[in-house]
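Read-outs throughout are calculated quantities, based only on the coordinates presented, and are distinct from any laboratory measurement. Owing to the predicted nature of the structure, the values given are computational and were not obtained by experimental measurement. Positions of Cβ are generated from backbone atoms using ideal geometry, with glycine treated the same way; all protein chains shown enter the neighbour counts.
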Amino acid sequence: MSSRFEGSPRVVAEALVSETPVVAYDVPNYRPIFGEFLRYVPCFDVEQFQRAAETTILEMRQGKNYLADLKLAEFRQQHCWAETRRVFQRTLD
């Protein structure tokens, strides 16, 4: 995820629930939502981003997925459509 700003990073969440690793710039709104589930690189450091992406791809080709060691089921539950709707509706009340 090479965006400089994400108001609502759905693409990142969708990748994670599909067990797809994500490399992202360390923009301020990612850590509170995604915490340890992303592989962060310094903001806008293209070379480090490329290296991290290449490393992640090579690991996946070897059958290694860093997400396998994390509590992805909890993340899925917290970010499912039903929970998202509940939180959204609560903010409107």
Could you tell me how many degrees, from 0 to 90 and to the nearest 10, lie between the Cα long axis of helix 46-61 and the main elongation axis, the longest principal axis, of the Cα atoms of the chain? 90 degrees
Which order do Leu92, Leu67 fall in if you start with the one that has the fewest other Cβ atoms within 10 Å? Leu92, Leu67
Distance in nm between label sites at Glu54 and Glu19, each 7 Å beyond Cα in the beta-carbon direction? 2.8 nm
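Between rounded, prolate and oblate, where does the range 10-92 land on the alpha carbon gyration tensor, with a ≥ b ≥ c its root eigenvalues, rounded for a/c under 1.5, else prolate if a/b exceeds b/c?
On the way: a/c = 3.01, a/b = 1.57, b/c = 1.92.
Since a/c reaches 1.5 but b/c is at least a/b, the shape of the range 10-92 is classed as oblate.
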Efficiency of FRET from Cβ geometry, Val11 and Asp69, R₀ 22 Å, rounded to 0.05: 0.45
Can you work out the FRET efficiency for the pair Gln62 and Glu83, with r the C-beta to C-beta distance and R0 = 25 Å, to the nearest 0.05? 0.15
